[in-house]
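The values are calculated or read from the model by the stated rules, or taken from the named source; none is laboratory data. All of these numbers come straight from a predicted model, not from anything done at the bench. Methodologically, a virtual Cβ is constructed for each residue, glycine included, from the backbone with ideal geometry; neighbour enumeration extends over all protein chains shown. What goes into the accessible areas is simple: the full protein's heavy atoms, side chains included, and nothing from ligands, DNA or RNA. Shrake-Rupley method; radii C 1.70, N 1.55, O 1.52, S 1.80 Å.
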Amino acid sequence: PDFPVLLEARDLGASHGQLVAVREVSLQLKAGEVVALVGSNGAGKTTLLRTLAGVHPAGGGSVHLAGADVTALPAHRRVQQGLALVPEGRRLFADMTVRENLLLAQEHRGERRDGPPAWTIARVVQALPALAPLMNRPAGALSGGQRQAAAIARALMTNPRVLLIDEVSLGLSPRAVDEVYAHLAELRGQAGTTLLLVEQDLGRAMAFADRVLCLREGRIVLAAPAAGLDRQTVTDAYFGME
Ligand code: ATP
């Protein structure tokens, strides 16, 4: 079936001073797709996600959301248009409760113009039941896995059409990683969830995603459906052995 393209990058570039971290990256995310972005340390994954989200300036090329060019829009305007980032380190307000963090995010969302109902605290708790007993806890008191779940919930409160999640399992225990993926699996079952996630763990990425993108030295060196993809092909691309 021909699903519409929700997020698109065309020849996107990004630098840190003299260092070019993202080079002419073109990618398309279709509605409902789950795409994993892999690559070694320093390949540019975080910079690419931040550039898509508008947190880092594009050094060239463009970003399009549901057909509209958002390259000139600051991050908060992209959030209003339905593009949400779950950053590395999660960045929750540690002294605020989980509920307060979620309500704050809700204030920054735009109008939902399509499909699924708006996210509310009640709907978030339904989708991520593990958060229910944590709502009144300060975010700073959560475990790593709980914090990741809360950060995903916070992003959901902005009614994203596309969710960008950096370093899904970094710093989490294997059990916490399982829990976070169980949450993500629930989300993908719901209409209108399109995910681009950075995952260090190749096995996880290939098992969970519909498609895998591999970044090396700022370029996409592999883009393939996860089904039928063998690990060696990905590791070769990863290390530049192809
Ligand atoms: P990691 O998994 O280590 O986070 P990554 O694939 O996400 O790696 P980036 O963090 O995007 O890669 O880094 C890409 C390149 O840009 C690296 O060479 C890195 O050293 C450099 N870089 C990243 N952030 C900065 C910064 N704030 N200032 C200068 N250089 C940076």
Computed over the chain, the relative contact order (Cα-Cα under 8 Å, seq sep at least six) in percent reads 27
Gyration tensor (Cα only) of the chain to equivalent ellipsoid, semi-axes in Å sorted down, yields 27, 21, 17
At R0 = 30 Å the Cβ-Cβ FRET efficiency linking Leu229 and Val55, nearest 0.05, sits at 0.50
With x for Gly and Pro, the residue-by-residue ³J(HN,Hα) of the range 51-63, computed from phi through the Karplus equation 6.51 cos²θ - 1.76 cosθ + 1.60 at θ = phi - 60° and given in whole Hz, is 6, 4, 6, x, 7, 10, x, 6, x, x, x, 8, 10
Those GluC sites (Glu not before Pro) from the range 101-176 that are DSSP loop and have at most 10 other Cβ neighbours within 10 Å turn out to be Glu111
Residues whose built amide H sits under 5 Å from the amide H of Ala21, excluding neighbours closer than 5 in sequence, are Ala14, Ser15, His16
One finds, for Asp11 and Asp210 with R0 = 25 angstrom and r their Cβ-Cβ distance, a FRET efficiency to the nearest 0.05 of 0.55
HN-Hα couplings for the range 17-34 via Karplus (6.51, -1.76, 1.60; θ = phi - 60°), in whole Hz with x for Gly/Pro, come out as x, 7, 8, 7, 9, 10, 10, 6, 8, 10, 8, 9, 10, 8, 4, x, 7, 10
Judged on accessible area alone, 1.4 Å probe, highest first, Val25, Val20 line up as Val20, Val25
Residue-ordered couplings for the range 67-84, obtained by feeding phi - 60° into the Karplus form 6.51 cos²θ - 1.76 cosθ + 1.60 and rounding to whole Hz (Gly and Pro as x), are x, 9, 6, 10, 3, 8, 7, x, 3, 5, 6, 5, 4, 4, 7, x, 10, 10
PRE zone check, label point 7 Å out along Cα-to-Cβ of Ser173, amide N under 15 Å, scope the range 139-153, hits 142-148
Given backbone amide H placed at 1.01 Å from N, residues whose amide H is under 5 Å from that of Ile165, ignoring those fewer than 5 places away on the same chain, are Val86, Leu196, Leu197, Val198
Highest GNM mean-square fluctuation among Leu103, Leu156, Leu215, for the chain with Cα springs under 10 Å, belongs to Leu103
Expected max-MSF residue from Val70, Val22, Val79 in the GNM of the chain (alpha carbon, under 10 Å) is Val70
If one builds a Gaussian network model of the chain from Cα atoms under 10 Å apart, the most fluctuating residue listed among Ala58, Ala68, Ala155 is Ala68
Sorted by chain and then number, the residues having a modelled amide H within less than 5 Å of the amide H of Leu6, at least 5 places away or on another chain, are Leu29, Lys30, Ala31
